[in-house]
Amino acid sequence: MISQKLDTGIKRLDDILYGGFPLRSNVMIYGPPFIGKEWLIVRFLARGLELGEPAVVVLTNEGADEFRETLSTAIREPNVDLETLEDKGLIKYVDAYTRIVGDQSTLPGVYYVESFSNMAEVLRLVDSAIREASVFKKPIRFGFISVSTLVVNISPQAAFRLAYMIAGRVKRSMATGLYALDSGMHSESEVSTFLHLMDGIIEFKEEFEPSHKTFLRILGLGQVKSRNWIEYVFDGSDFRITGSIAMGRIF
């Protein structure tokens, strides 16, 4: 039986992945900051919302109030409105930023993490969000932005344990999870440890000579059209793969 795929919302990437990310998979989105890897997660969540699929996102770099503005711009279907989706309960935010930076403002429908030190509480909130999303009986799209901030706030060992438990919840649910991890912030052993939790990785890199270019490649995730480095362009609000696909290869 062919496993179900969840499309990424980026057509050329879906072509390379033969339809998208496998259901019940965990995928590391790994690379330098500011080159579009977080946007890939945002667009993946937005694409699900366009299809009526619920989304759960854990935020450690910004609060839900800021993130929802980014998510709203990533929704491309003109008749899909983020506020309406929120009212229906299709998007669940686990905000592990707002309270931790001392902001006591509150938005409805947001789970606020009071402290990273209480991993049981973080896991409980993720469980609650996934459980509420499950009532729609559709695939759940899960995003974690970002694991690197979690490592900075607690020990790598504690971060690994929490990520291990969250990845397990995603695996057992009708969900697919994407996890952002910044390169250059972690030791090789730390990165390797996190990757052991994953079913695959989309790795990003950038080159500066003779001109600035950005590339991605896919490791794991079953059959794909290419595992070579593929050039793409990210302009802050749009993500485009610029190479051509021919004969099963990217040129």
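The values are calculated or read from the model by the stated rules, or taken from the named source; none is laboratory data. This is a predicted model, so every value here is computed, not measured. Ideal geometry is used to build each Cβ from the backbone, glycine not excepted, and the neighbour counts take in all protein chains shown.
In this structure, GLU66 does not qualify as touching a Phe, Trp or Tyr at 6+ places or on another chain (Cβ under 8 Å), farther than 30 Å from GLU188 by Cα and modelled with pLDDT of 95 or more. Whenever a residue of the range 176-191 is charged (D, E, K, R), its partners that are part of a loop (DSSP other than H, G, I, E, B), lying with C-beta atoms within less than 6 angstrom and at least six residues away or across chains, give the pairs ASP182/PRO33. With respect to (1) among the charged types (D, E, K, R); (2) farther than 24 Å from LEU59 by Cα; (3) out of contact with any Phe, Trp or Tyr (no Cβ under 7 Å at 6 or more places or on another chain); (4) surrounded by 14 or more Cβ atoms within 10 Å (Cβ to Cβ), the lone exception for ASP182 is condition (2). Check whether at least one residue in the range 126-134 is closer than 20 Å to ASP65 by Cβ and β-branched (Val, Ile, Thr), and report yes or no. Within the range 126-134, one or more residues are closer than 20 Å to ASP65 by Cβ and β-branched (Val, Ile, Thr). Out of LEU162, LEU195, one residue alone is of a type outside the set (Gly, Ala, Ser), at pLDDT 90 or above and within 23 Å of PRO22 (Cβ to Cβ). It is LEU195. Within the range 4-24, residues that are in contact (Cβ under 8 Å) with a residue 12 or more places away in the chain and acidic (Asp, Glu) sit with their Cβ atoms under 7 Å from residues that are surrounded by 15 or more Cβ atoms within 10 Å (Cβ to Cβ) and not in a loop (DSSP other than H, G, I, E, B), at 6+ positions apart or across chains, in these pairs: ASP7/ASP14; ASP7/ARG47; ASP15/ILE245. Would a scan of the range 195-208 turn up a residue that is within 22 Å of ARG24 (Cβ to Cβ), touching a residue at least 12 places away in the same chain (Cβ under 8 Å) and of a type in the set (Lys, Arg)? No, because not a single residue in the range 195-208 is within 22 Å of ARG24 (Cβ to Cβ), touching a residue at least 12 places away in the same chain (Cβ under 8 Å) and of a type in the set (Lys, Arg). Tally up the residues in the range 199-238 that are within 24 Å of THR70 (Cβ to Cβ) and assigned to a loop (DSSP other than H, G, I, E, B), please. Selection size over the range 199-238: 5.
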